[in-house]
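This report concerns only the one structure given below.
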Amino acid sequence: MIRFYKWRSEYTRNIVTLVTGTALAQAIPIAITPILTRLYSPADFGTYALFISIVSMASVFTTGRYELAILLPKSDKHALHLLKLSCFITAMVSFFCLLIVVLFNENIAHVLGDSDISKWLYLMPFTIFLSGVYQSVTFWLNRKKEYKCLAINRITQSGSAGASNLAFGFLKMGSMGLVLGQVIGQLIATCTALFSVWNMEGKLFKKTSFLALYALLKRYQKFPKVDVPSALLNVASHQLIHVLFNTLFNATIAGYFYLAQRILTIPVSVLSSAVLSVFQEQASRDYKARPGGAKKIYIRTFKKLFIMSFLPAIIGCLYAEEIFILAFGDEWRNAGVYAEILSPMLFLQFISSPLSFMFYIGEKQELNLFCQGLLLALVMFSFLLSSDAEQVIQLLTLSFSVFYLTQLFFSSKIAGVI
C-alpha cells in the first residue's frame, strides 16, 4: 500500500512538473497574442498558418516515426540507437525537401494560392530538420524521466519565439515576422535539448553500431510502414483545413480560424501534452509488465483529463466571442464565433489525445490508420457539403468529435478497460 501511494504521488508529481513548465511556456503566447493581433493582420496569420501546415505535413516523414519507438526497448543502448536512426532519417528527408523547394518553388506557391508563401518555402527544409531532431530528442528525455529539462526547454522555445514575433511585429515585417519567430524558437529549443542529451550520454552517443541500427530498423518497421500513413492522414486532416480555408475562401478567414484554434488549443496543449509525456512512460512500463497492466493508469488518467477540461469547455461554448472581442479587438469577432463552435470538439481532443498513445504501446497501428482515414474523409466532406466558413466549422466540430470518440473506444480496448 505504501509503495502504491508513493508511485501515485510520483506520477502526479511528474505531471505537475510538466504542467507547470508547459503552462509557463504557453502563458507567453497567450500574454502576447493581444499585442500580436494589433501588429499583424488576419491575412498575416493566414499566411503563417499555411506555412505551419505545410511544415507539419512534411514533418510526418521526417523521422520515419522511429522516435515513437524510443520508449519501447528495455535497453538504453537500443533506445539511443533509435534516436540516432531518427536523426539520420531526418537529415535525409530534409535534404530531399530542399531539392523539391529549389526545383518547384513557384509551382508550389501557385497551387497553394498564396504568392507570399513563395519566399518562405526555402525555410521549410530547415524547419523540418529542426522539428524532426527535436521530436526525437524529446522522446529520449521523456524515456529518462527528465521532465524538468523538458519543461525548461518548452519555456525556452516559447519565450524565444514570442520575443522574436514581437520584435519583428514592431518592425512591420508582416507574415515574415511570424514565420521567422517560429524558426528561431525551434532552433533554440532544438539546440538546448541536444545539449542536454550530450551532457547525459555523450560517450555512448559517439559509439554507433550500424548492425544495431539495421536490426532496429527492421524490428520497428511497422512504425514507418503503418504509422507514417496514419500520421500523414492525421496531420493532413488537421493541416489541410488551413490550406483549404486559404484556397477556397481567403487568407483573412484562414487567419480568423487559425487564431480561434490557436487560443483554444493552447490550454489543451499545456495540460494534455504534459499528461501525455508522463502517461507514455508509465503506461509503456505497465503494459510490458503484465497483460492488462495499463488499465489502472488509463482509467486514472481519463478521470484527471475529464475533470480538468469540463469547466473550460463550458466557458468556451458560452463566452468565447465576448472574450475574443475584449482581448483582441472587434476586428477578431469572427474568430470568437469560430471558437464557440469548436469548443466541444476540443474538450474531446483534450481527453483522447494522450490516451491514444495506447495505439503505439500496444503496436496496434492498423487501428490508428483506420481512425485517421475516417477523420480525413469526414474533414473533406465537411468542406464539400458546406457553403460558407461557419457551416464548415460546424461540420468540422462534428467530424472531429466522432473521430475522438472512436479513438477513445479503441484505446480503452487496447488498455484492457473494455
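Observations, loosely collected:
- Within region 377-416, being under 26 Å from R65 (Cα atoms), of a type in the set (F, W, Y) and surrounded by fewer than 19 Cβ atoms within 10 Å (Cβ to Cβ) holds for one residue alone: F409.
- Look at region 92-104: where a residue is closer than 12 Å to I128 by Cα and a partner is aromatic (F, W, Y) and modelled with pLDDT of 90 or more, sitting 6+ places away or on another chain with Cβ atoms under 7 Å, you get S94/F129.
- Looking across region 182-201, the residues that are in contact (Cβ under 8 Å) with a residue 60 or more places away in the chain, over 14 Å from K148 (Cα atoms) and under 22 Å from the mean Cα position of the chain (by Cα) come down to Q182, V183, T190, L194.
- Residues of region 157-178 that turn out to be part of a helix (DSSP H, G or I) and either under 17 Å from the mean Cα position of the chain (by Cα) or among the basic types (K, R) (or both), as a count: 3
- Pairs are defined by a Cβ separation below 6 Å, a sequence spacing of at least 6 or placement on different chains, a first member in region 400-418 that is over 15 Å from I361 (Cβ atoms), and a second member that is surrounded by fewer than 19 Cβ atoms within 10 Å (Cβ to Cβ); the pairs so defined are I418/S412.
- Some residue of region 38-49 being at pLDDT 85 or above and in a loop (DSSP other than H, G, I, E, B): yes
- Of all residues in region 354-376, those satisfying the criterion of being buried (at least 19 other Cβ atoms within 10 Å of the Cβ) and under 21 Å from L395 (Cα atoms) are C371, Q372, L375, L376.
- Of all the numbered requirements in (1) over 26 Å from V278 (Cβ atoms); (2) touching a residue at least 12 places away in the same chain (Cβ under 8 Å), L150 misses one, and that requirement is (1).
Table: residues versus (1) modelled with pLDDT of 80 or more; (2) over 30 Å from V16 (Cβ atoms); (3) under 15 Å from the mean Cα position of the chain (by Cα); (4) among the β-branched types (V, I, T).
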| position | (1), (2), (3), (4) |
| --- | --- |
| L217 | yes, yes, no, no |
| A236 | no, yes, yes, no |
| L244 | yes, yes, no, no |
| P267 | no, no, yes, no |
| Y287 | yes, no, no, no |
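- In region 26-36, the residues that are closer than 18 Å to L178 by Cβ and either among the aliphatic types (A, V, I, L, M) or in contact with a Cys (Cβ under 8 Å, 6 or more places away or on another chain) (or both): I28, I30, A31, I32, I35, L36
- From the list A23, A69, the one residue that fits, being of a type in the set (G, A, S), under 18 Å from the mean Cα position of the chain (by Cα) and modelled with pLDDT under 80, is A23.
The values are calculated or read from the model by the stated rules, or taken from the named source; none is laboratory data. Please read all numbers here as calculations on a predicted model, not as lab measurements. Note that each Cβ is placed from the backbone with ideal geometry, even for glycine, and that neighbours are counted across all protein chains shown.
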